[in-house]
Each structure stands twice: as C-alpha cells, then as structure tokens.
Amino acid sequence: LLLPLPAAAAAPGDFDPYRVLGVGRGSSQADIKKAYKRLAREWHPDKNKDPGAEDKFIQISKAYEILSNEEKRANFDHYGDAGESQGFSQHQHRQFHRFHDGFYFDESFFHFPFNSERRDTSDEKYLLHFSHYINEIVPDSFKKPYLIKITSDWCFSCIHIEPVWKEVAQELEVLGAGIGVVHAGYERRLAHHLGVHSTPTLLGLINGKITFFHNAVIRENLRQFVENLLPGNLVEKVQYKNYIRFLSDWRKDNKPHVLLFDHMPVVPLLYKLTAFAYRDYLSFGYVYVGLRGTEELSSQYNINVYTPTMMIFKEHIDRPADVVQAREMKKQLIDDFLSQNKFLMVARLTSQRLFQELCPVKKSHRQRKHCVVLLTGEGEKFAEAYEAFLTFAVANTKDTLKFVYIYNERQPEFADALLMDRGRSAVVILERRNNAGKIAYKALEEAWQGSKEDNFILLDLLDQLRTDPGLLSSETVVADLNDELAPIFLIRWLFSTLDYISDCWNSLFHSNWREMMPLLSLLFSALFILFGTVIVQAFSDSSDTRDSPPSEKEETAAKTEKNDLSFSKESNSRIPRKGFVEVTELTDINYTSNLVRLRPGHMNIVLILSNSTKTPLLQKFALEVYTFTGSSSLHFSFLSLDKHREWLEYLLEFAQDAAPIPNQYDKHFLERDYTGYVLALNGHKKYFCLFKPHRSGDEGGTLGSCEDYNASLHMEARGKPSCSPGSRSIKNKLRKLSFWMERLLEGSLQRFYIPSWPALD
C-alpha cells in the first residue's frame, strides 16, 4: 500500500536552504545565525528597494527557519524536505519515487497547504510588515478597527480556520473594518511586538490598543468581537420623545447630526463602523421604524419605512440639510454622502484642528480659500447678529468660501489679534498664509449688526476679493486656538485609569502565563515591599520602646550577663541609631549558621572572654564597635574560653606568631590567657583576622580611669558606679579595637587562611 506524500517530497531540489544562506552542510548553528543576520539586514524590504527584495527576504527567513531547527534540518538532510517526511523510511521514500517515475499523478493529488507557497493567496494583500504596521496601520486604527491574524508555516490549526477567516475577512472589509495578516516566521519582530507567542492567534486593534480573541473561530463570534471593539456610545437610539433633544445638541457639540431610519431592531455593524470613522465630525442616531411610537417621527420627515433612509441635520432641526435613500446602503455611498456634510453651515472654531481644516493654508493662486469669521459673544445679546450672519452664509456659501464664528471670551488671544474691542460683534475676512499662524485679513470697519447695510458691505467686499486678492492688506500672527471641547485633565486621567484596569482584568482571565508574568512580578514586588516595610517598622517601634533609657534601679541590673547591651545616645557621639549592640554567644547550636554557612561578604567579629571577665569585656567591646553596627554585613559574637579553648588554640595555630604553642605539654599551658582576643571570621572564604589585646604595660602604663569610663557610658545615671582596679586593666585590653576595626574594613589587615572550620565541640 502506497500512501500519498506532500508534493514537496517529490522535488527535494526545488529549495535548498544551505544555498540560500550560503553555508555548508557541516556549518554550526553560530555560522548559520551569523549568515542569516547578514543577509536579513541586506535584503530587508524596508532597507533594500530592489523589486525582488521581499521574495529574497522570505526565502532567507524560510531557510533559517529550517536550519535553525535541528529536527527540520535533519529531515531536509535525509529526505530533501523539512516536512513530515520523517514518518517514512528512506526505503519507502525511494520506493515512492520509483512508483512516481513509472506513472503519472496529478500534482494536486499531493497538494497540502502546509507552507505559505501552497496556501490560498487571498491573504497576500493583507500581509503586514513591522514598519507598515507602525507607520500606517496603528494611525489608521483611530478611524477603523482592525482584525489581525497571526499565522505561520506548518500550522495545522491555521489551515483549519482558513475557510472561516476568508469568509469573515471579506465580509468585514466590505463593511469598513481593516484586515491584516502577520506571518510569524517572517515577521518575528512584529509578532513579538504584538505579544503573540503561538499560532494561530486572532486579535483586534482599535485606537492603537490590542485586544486578543479567545472564543471559538466561527463567523458570529468574529463579527461580535469586532463589534465589541467599538465604543458603546457611538450611536444613540432615537425615538419621538427624544429626537428634539438629540437634534438640538448641534450647538453644544458643534457637529451636524445624522439620523438613520431602518427596519432592523439592532444598529447595523456598517452604521457603527461609519459612526466610528466620522465620530470627530458627526453625531449619529438610529431610528428603528418598527418600534411603536416612531410612526409620528417617520411621517413628520416623510420617511419610506421600507427603504433605509439617512438624513443630516445642521442648524435647522425642522428640515434635513441632505437626504439619501437606498435599498442597500453601501459603504461607498455613505462615505460620499457624509464627506460632503462634515461641517455645519457656520461652524464654530473650537480647536486648532478645525481651524486648519476649514481654513487651509494657501498653496497656489487657484487653491485660494478664504474664511469669513464672525467674532461675537455668547448669550441673547449677540443672538440676532449670529442669526443674520447664518442667513447670509446660507445664501452665499461657495467652495472657496467658508463661514465660521468664534466666541471672543473662549478664544481671547485670537480675538485680541484681530479686534480692538471684544465687547462687540465683528466680521473679518482672512486667509492663512502658513502653519506658523500668519494670516492676511480685512475687517469690516463697523460692528456687525446683521442689517441690510452690513450685508451689502460684506457682499461687496467678497466680490472685490474675487478680482483683487490684495484686498487683504493687513497681516498678523495668531496663536493656536484652545480646544474648547477637550475633557479636563481629571476626566482624561480617570478614563485612562479605567482603561488600564479593564486591560488588567481581561489579561487576568485570558492571557497566558508568559503575558501575565510582568504584571504578576510587579504586583508581588509591590506587595513584598509594602509587607516588609510594615514588618520592619513594627519591629523598629517595639525595639525603640524596649530600649528606652534605663532608670537608676535598672542601671545596676544592666551590668548582669546579657547579650544585648544598651546605651543612651548622649553617652558617646559614636553610638548607633538604635543605641545598642547585639552580641550573641557562639555555641554549637548557632555555630553553623553564624560562621560555617555565613553569607558571602559577611563577617562575624568574635570576642574571646572567660566567665570572670565577661561583663567588663562585653561593655568595652560594645563601646568600641558602636560606630560599625550600621553595616549589615558585620555580626558580633563572643566565645567562652572556659568551654571552647581547644577550638581557639587550633585556630591560632594558623596565625604566625599570635600565640606560641609549646612542643610538649606544659603545666602552664592551660593557664595561658586569651581573654581580650578578637577574631574577624569570614565563613565563606575560610580566613580570619586577629586582634591581640592591649597590655597594661604598654604606653607607659597609662590607663583610663574606671570612673571616667562609666561616666561616658551612662551620663544620665545618678548612682555612683562601682569599679575595681582589675576591671580597669581588663577593659584596657580592647582600648585600640576601634582602630583595628577601621583597618579591617579597609582590608589592610593580615589574613590567616584555614582549610576548613573545625567543629566547635
């Protein structure tokens, strides 16, 4: 039994990835990648303007896709193709070729759309490149939504959704939606930019924002997905009870209002897409003629309820400015109709963008366009002047002449540049000369009252302007207009916050873990920092309360054996922020954690003492190391010489002349005094530094008095401290410890290395 193979297997020599990349069959992955990068830079369509650059770039990408995958490369080396030929043995492959050579088969019998060369070419016109997407598709998404498919070669799921995709793409494109296709194999940069990690993937793009499709790929779901991308307030449902309010909003919105009468109970998708495209110029309403209560509205405007009808209302709501009727409303018909009615008869200049559209810059003598501007105020006082100006504009509107008006109080800089008195209405004829704000203008000498004499004067000036462009003799520079209809900053910030929360909510339920990882990392990092700050603050507050200055009775008890020695901040200028030093006894229980497994970069400063010298040495030790307790890499401990003498003597053997060790047993050996020694132990690097105690005979035997020492230690204590001559000599052993600590931090002390840390017991 012979099974049909893909057609690519019958012609292994048609495409050679090694030849395309210019590498040998024994080349390493590094060589292949280097060749691919060099050729990709050379033949990228954005940089190479050669007509065949795009095809060459596709071949280079395809060749790299095969050779960078060890499985596909092995298949090509064995069978001449990177596809599913690996399921057949080489013997079967040869047997198939002998059979194929003896009989004729229609090539379509072996046709499987496994790669882009054999797929339906309907997607080719929708293919997107990175630069095309950034420079054209994203800006265009503010006018229409895009449905984008991400596909790749050797993608069986992509083949499965192909019929549905083709049908929906053609249908939506006719309605006015944008369609795009991204080949992940050839446009990896664009696929990564879109956040796509698998194929096939469908996503929507609107207003520069990406939304992923997560439902079953069927026609109804895709149409609903595109419809859900659109804002919900694009089209208002209009009935007889609210049509007057809807049409009367032209003055507030500064837009013509569009009404569509149709027998569909829901707003058609075509109408929603149209409303989105023209939302900056027009306001849209929909009248369902089958709804009870709309008969009066239909009869008032003489609507044929069996034929879709579109009306545009401008300044007069009792009669439409323009009407179109058609049994099938096509997109082209609607676009032509709306593009001719984008502005009111006399539009109010509410933004610089509107000013530039209505009064474009002069490009040539034949393309001159003049604007007749009424500068007026708000309220009933100026209503008569406006109505007269509107009547004049309706009677004299031409393609080269636009009538607009402006409120002086809302655009004060513009009005001050043209008028001496903002308290009256005036008419100015102007022509924009450049985009920097330079204009040429001619103002009527008298204030505009709308009388017949004013009409004759303005009409005469317009007639003279046709033959004498030099009539506009005055020139000035005006500032950009304020955007009167823009929402305030707080509202914009609120909308942005709501959009961000909505995106996070959708991502939480639909995005895969790779997409969610940055958000989860940010969330958990914030929670960890917040929780850690609260815990540290709680412990800090409790420590400050516990370590308040002791009373007179507590001061005497403080000389007992403790690990934590507290001092008031007034006792010495070197006292740390919290006023205490934590000194832990080094025992066999904490030996491993405090030394053997001490973190890299950390050191344990260990004081050697005996039971009889414990209290004075700890007090002096704490005072000497105060200024160094701010470092989190230093830990402070003490070691009992009575318990662990053998461990200390073993360690001192590695110090050169720190403590001479006798060759044989000496009866005075056990009496050797090591109290006051300080070891700086680096557990990670297995070395230590040694501090030898200061002897009482050094420096002429000058010793600090015990009373002075206690006074510096507790200045607030009222009791008279007790001290003996023996304790004075013991404390003087550590008199130069602070200087030794400074050298330790500088790294200038001698280091004694050991092979391993001995057991403490």
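How many residues does the stretch 486-500 hold that are open to solvent by 90 Å² or more (accessible area, probe 1.4 Å), out of contact with any Pro (no Cβ under 9 Å at 6 or more places or on another chain) and either at pLDDT 70 or above or not β-branched (Val, Ile, Thr) (or both)? Give the steps one after another, and end with the answer.
So in the stretch 486-500, the residues open to solvent by 90 Å² or more (accessible area, probe 1.4 Å) come out as 488-490, 492-493, 495, 498, 500.
Now narrow it down to the ones that are out of contact with any Pro (no Cβ under 9 Å at 6 or more places or on another chain): 488-490, 492-493, 498, 500.
Within this subset, residues satisfying the condition of being either at pLDDT 70 or above or not β-branched (Val, Ile, Thr) (or both) are 489-490, 492-493, 498, 500.
Number satisfying all stated conditions: 6.
Taking the numbered list (1) out of contact with any strand residue (DSSP E or B) (no Cβ under 9 Å at 6 or more places or on another chain); (2) of a type in the set (Ser, Thr, Tyr); (3) at pLDDT 90 or above in turn, Ser364 passes all entries but (3). If you scan the stretch 125-166, which residues turn out to be in a strand (DSSP E or B), open to solvent by less than 20 Å² (accessible area, probe 1.4 Å) and over 19 Å from Leu269 (Cα atoms)? If the condition is that a residue be in a strand (DSSP E or B), open to solvent by less than 20 Å² (accessible area, probe 1.4 Å) and over 19 Å from Leu269 (Cα atoms), then Lys149, Ile150, Thr151 are the ones that fit. Looking only at the stretch 580-596, residues that are among the hydrophobic types (A, V, I, L, M, F, W, C) and either part of a loop (DSSP other than H, G, I, E, B) or open to solvent by 40 Å² or more (accessible area, probe 1.4 Å) (or both) come to 4 in all. Just checking, does the stretch 109-116 include any residue being crowded, with 16+ Cβ neighbours inside 10 Å and at pLDDT 50 or above? Within the stretch 109-116 (the criterion being crowded, with 16+ Cβ neighbours inside 10 Å and at pLDDT 50 or above), the answer is no, since none of the residues qualifies. Residue pairs whose Cβ atoms lie under 6 Å apart, sitting 6 or more positions apart in sequence or on different chains, and linking a residue in the stretch 237-261 that is under 23 Å from Tyr405 (Cβ atoms) to a partner that is among the charged types (D, E, K, R), are Asn254/Arg348; Pro256/Lys314. Applying the criterion of being part of a helix (DSSP H, G or I) and of a type outside the set (A, V, I, L, M) to the residues of the stretch 597-620, the residue that is most open to solvent (accessible area, probe 1.4 Å) is Thr615. Considering Lys331, Lys342, Lys369, Lys362, which residue is surrounded by 14 or more Cβ atoms within 10 Å (Cβ to Cβ), more than 27 Å from Tyr240 (Cα to Cα), under 41 Å from the mean Cα position of the chain (by Cα) and among the charged types (D, E, K, R)? The unique qualifying residue is Lys331.
Specify the residue that is surrounded by the fewest Cβ atoms within 10 Å (Cβ to Cβ); the eligible residues are those in the stretch 621-637 that are among the aromatic types (Phe, Trp, Tyr) and touching a residue at least 60 places away in the same chain (Cβ under 8 Å). Within the stretch 621-637, the match that is surrounded by the fewest Cβ atoms within 10 Å (Cβ to Cβ) is Phe628. Considering (1) touching a helix residue (DSSP H, G or I) at 6+ places or on another chain (Cβ under 7 Å); (2) open to solvent by 10 Å² or more (accessible area, probe 1.4 Å); (3) not assigned by the TED database to the domain that holds Phe414, the lone condition that Thr307 does not fulfil carries the number (1). Against the list (1) in contact with a helix residue (DSSP H, G or I) (Cβ under 9 Å, 6 or more places away or on another chain); (2) farther than 27 Å from His78 by Cβ; (3) assigned to a helix (DSSP H, G or I), the condition Val20 fails is (2). For the structure I just gave you, tell me whether Leu374 is within 13 Å of Ile406 (Cα to Cα), more than 44 Å from the chain's Cα centre (by Cα) and at pLDDT 90 or above. It is true that Leu374 is within 13 Å of Ile406 (Cα to Cα), more than 44 Å from the chain's Cα centre (by Cα) and at pLDDT 90 or above. Counting the residues of the stretch 33-52 that are more than 34 Å from the chain's Cα centre (by Cα) and open to solvent by less than 60 Å² (accessible area, probe 1.4 Å) gives 1. Residues being modelled with pLDDT of 90 or more, open to solvent by less than 50 Å² (accessible area, probe 1.4 Å) and either of a type in the set (Val, Ile, Thr) or under 30 Å from Asp322 (Cα atoms) (or both) are represented in the stretch 437-444 by at least one member.
For the stretch 418-440, how many residues meet the condition of being among the aliphatic types (A, V, I, L, M) and assigned to a loop (DSSP other than H, G, I, E, B)? Outline the logic, then answer.
Filtering the stretch 418-440 down to residues among the aliphatic types (A, V, I, L, M) leaves 418-420, 426-430, 436, 439-440.
Checking the rest, the ones that are also assigned to a loop (DSSP other than H, G, I, E, B) come to 419-420, 436.
Result for the stretch 418-440: 3.
Kindly establish whether Val581 is in contact with a Ser or Thr (Cβ under 8 Å, 6 or more places away or on another chain), at pLDDT below 90 and of a type in the set (A, V, I, L, M). So Val581 passes the test.
The values are calculated or read from the model by the stated rules, or taken from the named source; none is laboratory data. Since the structure is predicted, the reported quantities are computational estimates derived from the model, not experimental observations. Reconstructed Cβ throughout: ideal geometry from the backbone, glycine too, with neighbour counts over all protein chains shown. Surface areas here come from the heavy atoms of the whole protein model, side chains and all, with no ligands, DNA or RNA. Shrake-Rupley method; radii C 1.70, N 1.55, O 1.52, S 1.80 Å.
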